[in-house]
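Presented below is the structure to which this report refers.
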Amino acid sequence: MAKRNNGAPGIDGVTFKAVEEGGIEDFLKQIRTELVSGTYKPLRNRRKEIPKGNDKVRVLGIPSIKDRVVQGALKLILKVGGKKGVPQGGVISPLLSNIYLNEVDKMLERAKEVTRNGRYTYIEYSRFADDLVILVDGFSKWNWLVDAANKRLLEELEKLDVQLNREKSKLVDLTRGETFSFLGFDFRRAKTRRGKLGVLVTPRMKARTALLSRLKEVFRRFRSQPLDRIVAEINPILRGWVNYFRIGNSSQCFGYVKDWVERKIRRHLMRARKRSGFGWNRWSRAWLYKTFGLFNNYKVYMKHSPIKGE
């Protein structure tokens with residue numbers, strides 16, 4: 001593709017003829033090695049001035065042939081991503097999503113500004129890669145904004161030649177007790193302790209179940225090992241999971257996880273002594289955490305706040 005467009009050599013002076021004489025396969029293999037190892041670095045473009053008339057010139061930036069090949073490969077990947085959707089789980093998936101959906105962000109930012117009233121906004125959105133949530137104020141006067149936002153989203157995706165996943169997309173009304181999930185959290189409307197309406201943000205049951213399954217496997221594999229070894233394995237898992245979910249209203253979920261882990265720890269200690277039970281009278285909770293250094297930072301950083309105007 002790069003050769004078909006012809007063009008002069010870049011700043012390194014390497015021509016298409018030189019590449020062919022040196023061996024195309026070796027040339028491509030070198031590029032692949034650099035890309036895979038992370039050592040690939042594009043060269044500076046060669047500047048060339050083209051007369052425009054009226055004593056003016058247009059300055060062209062001419063990339064090297066190697067860089068043109070890499071750019072062409074990326075272009076092919078982006079074309080496939082646009083036609084078939086972004087591959088789930090691929091390391092390049094977030095990058096492709098951000099490139100394609102950047103225009104959607106711009107459209108939603110404009111919608112926020114158009115409907116803004118001073119410091120109050122009536123439409124908000126959050127996007128991570130190709131997961132997107134659009135939020136609209138719950139007052140009935142903004143019902144038209146729900147339809148308008150949905151229509152504009154579909155129009156923008158159509159321009160980008162990106163297909164919306166209809167099975168995973170839905171319209172949710174929190175004021176009617178409906179819920180939605182986003183990035184591992186469940187969102188629902190509820191009353192605060194002061195009787196005001198707010199939004200509860202809690203870890204999904206699916207996320208908690210996956211964590212406990214992973215921890216259970218560690219306890220199974222290290223059943224005959226000293227407890228120090230198990231704690232060294234589960235602490236990083238717990239720390240990472242809790243750090244991700246320690247926002248919103250995660251206290252109850254954290255309490256369940258903490259109790260579950262402590263029970264597994266106690267059972268391990270009792271089995272090592274060929275005894276049944278959990279040793280509630282034998283070891284205090286403080287002793288367990290102090291002696292073995294078991295992860296104990298289940299603090300939640302942020303509580304929900306009431307919805308303004310409701």
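The values are calculated or read from the model by the stated rules, or taken from the named source; none is laboratory data. What you see is a predicted model; the values in this text were computed from it and never measured. No Cβ is skipped: glycine too gets one built from the backbone with ideal geometry, and neighbour counts run over all protein chains shown. Calculation scope for accessible area: heavy atoms of the full protein, side chains included, ligands and nucleic acids excluded. Shrake-Rupley method; radii C 1.70, N 1.55, O 1.52, S 1.80 Å.
Points to keep in mind about this one:
- Among residues of segment 163-174, those that are over 17 Å from residue 125 (Cα atoms) and at pLDDT 85 or above, counted: 0
- Some residue of segment 37-48 being closer than 30 Å to residue 162 by Cβ and either open to solvent by 80 Å² or more (accessible area, probe 1.4 Å) or in contact (Cβ under 8 Å) with a residue 60 or more places away in the chain (or both): yes
- For segment 200-208, the criterion of being under 16 Å from residue 298 (Cβ atoms) and in a helix (DSSP H, G or I) is met by at least one residue.
- Pick from segment 260-271, criterion without any contact (Cβ under 8 Å) to a residue 24 or more places away in the chain and open to solvent by less than 100 Å² (accessible area, probe 1.4 Å), ranking: farthest from the chain's Cα centre (by Cα): 270
- For segment 92-104, a tally of residues being part of a helix (DSSP H, G or I), free of Cβ contacts under 8 Å to residues at least 60 places away in the same chain and either open to solvent by 40 Å² or more (accessible area, probe 1.4 Å) or closer than 20 Å to residue 180 by Cβ (or both) returns 8.
- Residue that is open to solvent by 60 Å² or more (accessible area, probe 1.4 Å), at pLDDT below 95 and more than 26 Å from residue 191 (Cβ to Cβ), where the choices are 290, 299: 290
- Under the condition of being open to solvent by less than 30 Å² (accessible area, probe 1.4 Å), among the small types (Gly, Ala, Ser) and either more than 14 Å from residue 41 (Cβ to Cβ) or in contact with a Lys or Arg (Cβ under 7 Å, 6 or more places away or on another chain) (or both), the residues counted in segment 53-73 number 1.
- The set of residues in segment 29-51 that are outside any loop (DSSP other than H, G, I, E, B) and of a type in the set (Val, Ile, Thr) comprises 31, 33, 36, 50.
- Within segment 232-259, being surrounded by 15 or more Cβ atoms within 10 Å (Cβ to Cβ), at pLDDT below 95 and among the polar types (S, T, N, Q) holds for 249, 250.
- Residues within segment 232-247 that are assigned to a loop (DSSP other than H, G, I, E, B) and closer than 14 Å to residue 261 by Cβ, tallied: 0
- Filtering segment 111-135 to residues that are open to solvent by 40 Å² or more (accessible area, probe 1.4 Å) and β-branched (Val, Ile, Thr) leaves 114, 121, 134.
- Matching residues in segment 5-53 - criterion: being touching a strand residue (DSSP E or B) at 6+ places or on another chain (Cβ under 8 Å) and small (Gly, Ala, Ser): 7, 8, 10
- In segment 118-171, residue farthest from the chain's Cα centre (by Cα) [restricted to those that are among the charged types (D, E, K, R) and assigned to a strand (DSSP E or B)]: 124
- Across segment 6-28, the qualifying residues are those that are in contact (Cβ under 8 Å) with a residue 12 or more places away in the chain and in a loop (DSSP other than H, G, I, E, B), and the one among them that is surrounded by the most Cβ atoms within 10 Å (Cβ to Cβ) is 10.
- Matching option when the condition is at pLDDT 90 or above and at negative phi, among 139, 128, 187: 187
- Number of positions in segment 210-231 that are open to solvent by 100 Å² or more (accessible area, probe 1.4 Å) and not in a helix (DSSP H, G or I): 2
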